[in-house]
Amino acid sequence: MTAGSYTTSTAFLEALAEAGVSYLFANLGSDHPSLIEAYAQAKAQGREGAFPRLVVCPHEIVALSAAHAYASVSRRPQAVVVHVGDGTQNLGGEVNNAMRGRVPVFIFAGASPYTLEGELPGSRNEYIHWLQDARDQRGILRGFVKYDNEIRTGRNVKQLVHRALQIARSEPAGPVYLVGPREVMEEPLEPYTVDPAQYSPVAPGALTAQVAMDIAAALARARHPLIVTSYLGRNPDAVPALVELAELLSVGVLESVAFSVNFPGDHPLHCGYQFTPTEQHPALAQADVILVVDSDVPWIPTTSRPAPGAAIYAIDVDPLKPTMPMWHVPARRFAGADSKVALEQIARLVRNENLAEAAVVEKRRTEIAAANEARRAALDALERPEGDVITPRYLTACVRELLAGTDALVLAEAITNHQIVLEHLRPATPGSYLGAGGASLGWAGGGAVGAKLASSPERAVVSLVGDGSYLFGVPSVAQWVARRYGAPSLTVIYDNRGWAAPRFSTLRMHGSGAAAAAGEFFASFEPEADLPGIAAAAGGAYAATVADPGELPSVLKDALAVVRGGRSAVVSVQLPPV
Ligand SMILES: Cc1ncc(C[n+]2csc(CCOP(=O)(O)OP(=O)(O)O)c2C)c(N)n1
Ligand SMILES: [Mg+2]
């Protein structure tokens, strides 16, 4: 390879940067010499800015989680580079998180060279090239990405990158996957350009006039209207649209399985949060008209469901969810639309057609606000330790006090404590709270790195994670990357020394079974590893473990001060063990 040569890899990296990708979270291998060479040449030529910044991630889960969180916060797609089929498999369930979280991430993996005897530059020259050859590399991710393709020539690699990113960014946004064999990535090219403006994401969709009117009229006529949402707040600009509609008609809002701020947690019309309820939710039972907006799990029918006669309308960027083999909501109308656009349309109709009856709206507002105030007061009363034991509710209240009045972004991977975290944190600022959106644990470790890189230096990134989730996130790697790239964050471990979730699931199925009788759920981590110590060893983090409720506020305060000083901190908060 001569100095200054321009290859498929050069064009590939240029196209990513031209499309707005700032970071390439990379785990490299024998498939990437042309990428490494392209970076070195760009540096030698003073053209580094023409490529995304490369962040070395010694585990793929951290790379994808970082790209995912960066893209969520910045609302710009980010890229991940992994090693052939093996690195692709190491992405694991994080691809599911990116898909379910509807986050635009571009994943590239090299592929084993397809020539054996030096026929082309890039041909096999290491033993590993035989062993890494996979029968259907793209098939590994096909169930989890919106688009996959192979780069077959450098001559149109830019078009392919832009097309993949156009698909990734168009709603429902999601991951895309390209593979490129070594020979193709080494191919010499004449430099060329493609206009990224020709690959903009599909414009947001609106409701038809008829559907908008049907929904506006139904909400206005209802005695007990309710809005249920899960991920409308992925777009923070959609939150004011929901607030406006809710206030116009005094509609209560229930956040179900929320991984973003969809509605301000302190709003009088906020009817609470639900994840896996064990009882019927009163607002769902009472509602006669329900508008489900952007939700995968608006309720769990076996436990908590709407009344049989309720009129249900569903507006979603992804109304039928074909990526979920089984899914249904008994709605009388499904509409595919952007939630912000749709809610603004409905609110406009309510105003223009004078659909809101002032006396009814005011009476309902008072009733809902009173019920919600009572619910919050009952929760407030639970915000205390039980004797000398820290409870998850007390811990979350301490975190809320710690962050009050500061610019903070909370990442949540609190699992059985998800609902408690939201009930006591009550995040109100759009974009100030983020979860993976999917079902695979280990997101917050890398997520905190990506979120911090995407945030202003003043903004504190604070992860609230289960001890199991902390370990799934490969904390040694996440903390190393955080230090190396100057992305400090505070991690608070809801440390119950094990997995409460499978214990909970077993007891719900076999409450009086043998496992319950024996108290054996294979979920305990005793004797526990020194979880903060992992972060100290790998990333130089400030490490603390706290069991005394009285000490908790000051330990958290000290840890946050350390983070503000530029160093990560991990605090294990000892809760009652599983
Ligand atoms: C990658 C992955 N593996 C396994 C699971 C199954 N799982 C769901 S919750 C859970 C336990 C999580 O433990 P922790 O983070 O400590 O939260 P806790 O249950 O204690 O609240 C497990 C193992 C999963 N969701 N994802
Ligand atoms: Mg746990």
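The values are calculated or read from the model by the stated rules, or taken from the named source; none is laboratory data. Note that this is a predicted model, so its numbers are computed, not measured. Reconstructed Cβ throughout: ideal geometry from the backbone, glycine too, with neighbour counts over all protein chains shown. We work out accessible area using only protein heavy atoms, side chains counted, and drop any ligands, DNA or RNA first. Shrake-Rupley method; radii C 1.70, N 1.55, O 1.52, S 1.80 Å.
Data overview
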{"item": "Top-ranked residue in segment 524-538 [being touching a Gly at 6+ places or on another chain (Cβ under 9 Å) and within 27 Å of Arg567 (Cβ to Cβ); ranked as surrounded by the fewest Cβ atoms within 10 Å (Cβ to Cβ)]", "result": "Glu528"}
{"item": "Residue in segment 312-320 that is open to solvent by less than 20 Å² (accessible area, probe 1.4 Å), under 30 Å from Ala500 (Cα atoms) and not basic (Lys, Arg) present", "result": "no"}
{"item": "Positions within segment 483-497 being surrounded by fewer than 24 Cβ atoms within 10 Å (Cβ to Cβ) and either part of a helix (DSSP H, G or I) or within 12 Å of ligand 1 (Cβ to nearest atom) (or both), in sequence order", "result": "Arg483, Arg484, Arg497"}
{"item": "Pair list, Cβ under 9 Å, 6 or more apart: segment 218-245 residue within 19 Å of Arg332 (Cβ to Cβ), other residue modelled with pLDDT under 95 and surrounded by 24 or more Cβ atoms within 10 Å (Cβ to Cβ)", "result": "none"}
{"item": "Strands (runs of 3 or more DSSP E) completely within segment 71-184 that count 2 or more residues being under 26 Å from Phe472 (Cα atoms) and small (Gly, Ala, Ser)", "result": "105-111"}
{"item": "Failed item in (1) under 25 Å from Met99 (Cα atoms); (2) open to solvent by 10 Å² or more (accessible area, probe 1.4 Å), with Val329 passing the rest", "result": "(2)"}
{"item": "Selection within segment 469-517 - within 16 Å of ligand 2 (Cβ to nearest atom), of a type outside the set (Val, Ile, Thr) and more than 18 Å from Leu531 (Cβ to Cβ)", "result": "Pro502, Arg503, Phe504, Ser505, Leu507"}
{"item": "All positions within segment 452-462 that are crowded, with 24+ Cβ neighbours inside 10 Å and either near ligand 1 (Cβ under 10 Å from one of its atoms) or more than 25 Å from Asn27 (Cα to Cα) (or both)", "result": "Val462"}
{"item": "Unmet requirement for Ala559, which otherwise passes all of (1) open to solvent by less than 60 Å² (accessible area, probe 1.4 Å); (2) within 16 Å of ligand 1 (Cβ to nearest atom); (3) under 21 Å from Leu403 (Cα atoms)", "result": "(2)"}
{"item": "Members of segment 402-440 that are of a type in the set (S, T, N, Q), more than 21 Å from Pro488 (Cβ to Cβ) and under 14 Å from the mean Cα position of the chain (by Cα)", "result": "Ser440"}
{"item": "Test: residue in segment 524-534 that is touching a helix residue (DSSP H, G or I) at 6+ places or on another chain (Cβ under 6 Å), within 16 Å of ligand 2 (Cβ to nearest atom), in a loop (DSSP other than H, G, I, E, B) and among the hydrophobic types (A, V, I, L, M, F, W, C)", "result": "no"}
{"item": "Set Val449, Val389, Val465: member being open to solvent by less than 20 Å² (accessible area, probe 1.4 Å), over 22 Å from Ala173 (Cβ atoms) and either aliphatic (A, V, I, L, M) or within 16 Å of ligand 1 (Cβ to nearest atom) (or both)", "result": "Val465"}
{"item": "Unmet requirement for His32, which otherwise passes all of (1) at pLDDT 95 or above; (2) at negative phi; (3) open to solvent by 10 Å² or more (accessible area, probe 1.4 Å)", "result": "(3)"}
{"item": "Test: residue in segment 411-418 that is more than 16 Å from ligand 2 (Cβ to nearest atom) and surrounded by 20 or more Cβ atoms within 10 Å (Cβ to Cβ)", "result": "yes"}
{"item": "Condition check for Leu471: surrounded by fewer than 24 Cβ atoms within 10 Å (Cβ to Cβ) and within 16 Å of ligand 1 (Cβ to nearest atom)", "result": "yes"}
{"item": "Subset tally (residues that are in a helix (DSSP H, G or I), open to solvent by less than 70 Å² (accessible area, probe 1.4 Å) and hydrophobic (A, V, I, L, M, F, W, C)) for segment 498-523", "result": "5"}
{"item": "Residue among Pro181, Pro201, Pro191 that is within 23 Å of the chain's Cα centre (by Cα) and modelled with pLDDT of 95 or more", "result": "Pro201"}
{"item": "Qualifying residue in segment 138-149 (condition: open to solvent by less than 10 Å² (accessible area, probe 1.4 Å) and more than 13 Å from the chain's Cα centre (by Cα))", "result": "yes"}
{"item": "Test for Leu425: is it aliphatic (A, V, I, L, M), surrounded by fewer than 24 Cβ atoms within 10 Å (Cβ to Cβ), at pLDDT 95 or above and under 30 Å from Leu269 (Cα atoms)", "result": "yes"}
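One line per residue, one yes/no per condition, for (1) of a type in the set (Gly, Ala, Ser); (2) open to solvent by 20 Å² or more (accessible area, probe 1.4 Å); (3) modelled with pLDDT under 95:
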{"position": "Ala246", "(1), (2), (3)": "yes, no, no"}
{"position": "Ser250", "(1), (2), (3)": "yes, no, no"}
{"position": "Asp266", "(1), (2), (3)": "no, yes, no"}
{"position": "Leu291", "(1), (2), (3)": "no, no, no"}
